[in-house]
Amino acid sequence: MKDLGHVSYFLGLEVSQSSEGYYLSQAKYAFDLLSRADIIDNKTESTPLKINCKLTRLDGTPLADPTLYRQLVGSLVYLTAT
């Protein structure tokens, strides 16, 4: 093993130290995720869905890049699990 000094960023977690202890933050990871999805400056808007609406795989239009969608979903899962 080798001592690399103080850790500041590890596996998507920002680490900061104070006299009270260590603090972990995922703000940079979340910001990087929003940047990759190109939704930094978007505004939220309600998207009502009918009650008991049943969607099928034939509804809507296919995604232009399903790989990006899969990566974003995986990143969101990681974000919520850590």
Since Ile51 meets every condition but one in (1) part of a helix (DSSP H, G or I); (2) over 18 Å from the mean Cα position of the chain (by Cα), which condition does it not meet?
(1)
Phe31 fails exactly one of the following numbered conditions: (1) assigned to a helix (DSSP H, G or I); (2) open to solvent by 80 Å² or more (accessible area, probe 1.4 Å); (3) touching a helix residue (DSSP H, G or I) at 6+ places or on another chain (Cβ under 9 Å). What is the number of that condition?
(3)
Regarding Ser46, is this residue of a type in the set (Ser, Thr, Tyr) and modelled with pLDDT of 85 or more?
no
Hey, can you tell me all the residues within segment 65-75 that are at pLDDT below 85 and among the small types (Gly, Ala, Ser)?
none
Identify, from the list Leu72, Leu58, the residue that is surrounded by 10 or more Cβ atoms within 10 Å (Cβ to Cβ) and without any contact (Cβ under 8 Å) to a residue 40 or more places away in the chain.
Leu72
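The values are calculated or read from the model by the stated rules, or taken from the named source; none is laboratory data. Note that the coordinates shown come from a computational prediction; the quantities given were computed from them, not determined experimentally. Note that each Cβ is placed from the backbone with ideal geometry, even for glycine, and that neighbours are counted across all protein chains shown. These area figures cover heavy atoms from the full protein model, side chains too; ligands, DNA and RNA do not enter into them. Shrake-Rupley method; radii C 1.70, N 1.55, O 1.52, S 1.80 Å.
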